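Everything on this sheet refers to the single structure shown next.
The values are calculated or read from the model by the stated rules, or taken from the named source; none is laboratory data. Worth saying up front: this structure is predicted, and the values here are computed from it rather than measured. For neighbour counting, all protein chains shown are included, and Cβ atoms are generated from backbone atoms with ideal geometry for every residue, glycine included.
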Amino acid sequence: MVVIHKDRPIFEYAVLVTSLPEGAVPPIAQMYRDRADSKNVLDELNYQWAWTGFTTHDRRRSQLMARIVPLVFNWWSLYVRLAVPGRHT
């Protein structure tokens, strides 16, 4: 159960439990953040850009759509990064 009070700040915590020495933890944590970012891109391609939805019995059309979707996705990502350079959208 979560109790949120309007007059108190809200904090979110993440815990990493490891037996590695203290200096090795920041690179491992960054690796997990990078992995999550790359998985978000794949989820976005599959569900929001419908990469998995363009299947047909004609192999050439399926290949064409499998190539067009990531190309347009890359163009869109570049456009959004140039339009809003200060944050990830």
If you check ARG35, ARG60, ARG8, which single one turns out to be surrounded by 10 or more Cβ atoms within 10 Å (Cβ to Cβ) and among the basic types (Lys, Arg)?
ARG35
Please go through region 31-51 and give me each residue that is part of a loop (DSSP other than H, G, I, E, B) and either among the aliphatic types (A, V, I, L, M) or touching a strand residue (DSSP E or B) at 6+ places or on another chain (Cβ under 9 Å) (or both), ordered by number.
ALA50
Restricting the search to region 20-30, which residues are exposed (fewer than 10 other Cβ atoms within 10 Å of the Cβ) and either in contact with a strand residue (DSSP E or B) (Cβ under 7 Å, 6 or more places away or on another chain) or modelled with pLDDT under 80 (or both)?
GLU22, GLY23
Only one of VAL84, VAL72 is surrounded by 10 or more Cβ atoms within 10 Å (Cβ to Cβ), out of contact with any strand residue (DSSP E or B) (no Cβ under 7 Å at 6 or more places or on another chain) and either at pLDDT 85 or above or basic (Lys, Arg) (or both), namely VAL72
